[in-house]
Amino acid sequence: AKAGNGTVFSDVKAGDWFNAAIGWAYENGIVNGYGGSFGAQNNITRQDMATILYRYAKQAGYDVSKTASLDKFSDAGSVADYAVDAMRWAIGMGLINGTMDAQGNITLDPAGNASRSQVAAIMTRFVRNAR
């Protein structure tokens, strides 16, 4: 697929090294941004990463029917509405396993930033599990 133009977002300029990638992702329905911007310099949340991967998998024709319940996670109710299906899929595919908080509860931490190591693990699982 050919690259697109990411300048649809207020914080993406024509000369930015990520312009074409963001434009492609926008044109293919993978990213929407928020409030007119992409958030190019922002950290990514765990639910946003799951949503991007889920939308990409759908766009690429992968089977996204395997899902799992969010019920075992103590903070399941804090998953944003737009990310619920993506998080169910990410859990069902084994991309996201959750973390344990200080009280011993298994949490998703959906609005928490994904660390570089978490991103690497999720991407590795995506490449291995999502087809």
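The values are calculated or read from the model by the stated rules, or taken from the named source; none is laboratory data. Everything quoted here is computed from the prediction, not taken from an experiment. Positions of Cβ are backbone-derived with ideal geometry, glycine not excepted, and every protein chain shown enters the neighbour counts. To get the accessible areas, we keep the full protein, side chains included, count just its heavy atoms, and leave off ligands, DNA and RNA. Shrake-Rupley method; radii C 1.70, N 1.55, O 1.52, S 1.80 Å.
Which pairs do you get when a residue that is under 14 Å from Ile52 (Cβ atoms), found in region 110-131, comes within reach of a residue that is charged (D, E, K, R) and assigned to a helix (DSSP H, G or I), reach meaning Cβ atoms under 7 angstrom, with the pair 6+ apart or on two chains?
Pro110/Arg46; Ala114/Arg46
Against the conditions (1) open to solvent by 70 Å² or more (accessible area, probe 1.4 Å); (2) without any contact (Cβ under 8 Å) to a residue 24 or more places away in the chain; (3) more than 11 Å from Pro110 (Cα to Cα); (4) in a helix (DSSP H, G or I), where does Gly77 fall short? Just the number, please.
Going through (1) open to solvent by 70 Å² or more (accessible area, probe 1.4 Å); (2) without any contact (Cβ under 8 Å) to a residue 24 or more places away in the chain; (3) more than 11 Å from Pro110 (Cα to Cα); (4) in a helix (DSSP H, G or I) one by one, Gly77 breaks only (3).
Among the residues of region 6-47, count how many are open to solvent by 50 Å² or more (accessible area, probe 1.4 Å) and more than 18 Å from Ala60 (Cβ to Cβ).
Looking only at that region, the number is 15.
Any chance you could count how many residues in region 1-55 are within 21 Å of Asp109 (Cα to Cα) and in contact with a Phe, Trp or Tyr (Cβ under 6 Å, 6 or more places away or on another chain)?
3
Given the conditions (1) loosely packed, with under 13 Cβ neighbours inside 10 Å; (2) in a loop (DSSP other than H, G, I, E, B); (3) of a type outside the set (S, T, N, Q), report the number of the one that Tyr82 does not fulfil.
Result: Tyr82 passes all but (2).
Quick grid of which residues meet (1) part of a loop (DSSP other than H, G, I, E, B); (2) open to solvent by 20 Å² or more (accessible area, probe 1.4 Å); (3) not β-branched (Val, Ile, Thr):
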| site | (1), (2), (3) |
| --- | --- |
| Ile52 | no, yes, no |
| Tyr56 | no, yes, yes |
| Tyr62 | yes, yes, yes |
| Ser69 | yes, yes, yes |
| Phe73 | yes, no, yes |
| Arg88 | no, yes, yes |
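So is Ala130 among the aliphatic types (A, V, I, L, M) and in contact with a helix residue (DSSP H, G or I) (Cβ under 7 Å, 6 or more places away or on another chain) or not?
In short, yes.
Among the candidates Ala102, Ala111, which residue alone is under 21 Å from Ile44 (Cβ atoms), assigned to a loop (DSSP other than H, G, I, E, B) and open to solvent by 30 Å² or more (accessible area, probe 1.4 Å)?
That would be Ala111, the only listed residue that is under 21 Å from Ile44 (Cβ atoms), assigned to a loop (DSSP other than H, G, I, E, B) and open to solvent by 30 Å² or more (accessible area, probe 1.4 Å).
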